[in-house]
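The values are calculated or read from the model by the stated rules, or taken from the named source; none is laboratory data. Because the structure is predicted, anything quoted here is derived from the model rather than measured. Cβ coordinates were reconstructed from backbone atoms using ideal geometry, including for glycine residues, and neighbour counts include every protein chain displayed.
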Amino acid sequence: MGIFGGKPEPIEQEKKNIEAMDAKIEENFKTLGRLVYENYRTVVQGDETYNGLIIEIDGNYVQKKVHYDEWLKLQGLLQCAHCNEQITYGSKFCNFCGSNVESQYETVAQTVVQPVEEAPVDAVQAEVQEQE
């Protein structure tokens with residue numbers, strides 16, 4: 001802000017403009033990455049450069065779901081597989097959609113929670129850095 005709380009000083013305003021543009025650039029990279037991921041995921045014979053990373057991302061989504069289910073269970077909750085609403089753990093039926101959820105307990109019990117690890121810097125990340 002200016003000295004008396006009015007308009008921001010030009011330097012402060014430009015800093016805010018730079019930060020806003022950085023945020024837009026980051027969001028665009030996220031969008032681009034998602035589009036590339038979705039496109040290459042559906043290609044039967046995709047580029048080998050991307051296949052390993054896509055498989056890793058798919059595995060990350062699976063592990064995220066496992067951790068989310070465990071987090072819900074620790075709170076005494078379960079997410080209905082049919083309507084995605086949270087219900088009381090131990091319920092036989094979803095009180096939102098009426099679906100039988102008993103089979104979900106077997107899946108939750110059989111799932112092994114993997115500890116979250118740092119993603120290694122692999123050849124794909126190194127290649128992306130080389131291309132920049």
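Results, tabulated for the structure shown:
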read-out	value
Residue in the range 72-93 that is exposed (fewer than 13 other Cβ atoms within 10 Å of the Cβ), assigned to a helix (DSSP H, G or I) and modelled with pLDDT of 85 or more present	yes
Some residue of the range 55-65 being part of a helix (DSSP H, G or I), closer than 15 Å to Gln104 by Cα and modelled with pLDDT of 80 or more	yes
Failed item, numbered, when Asp47 is tested on (1) within 30 Å of Glu102 (Cα to Cα); (2) at pLDDT below 75	(1)
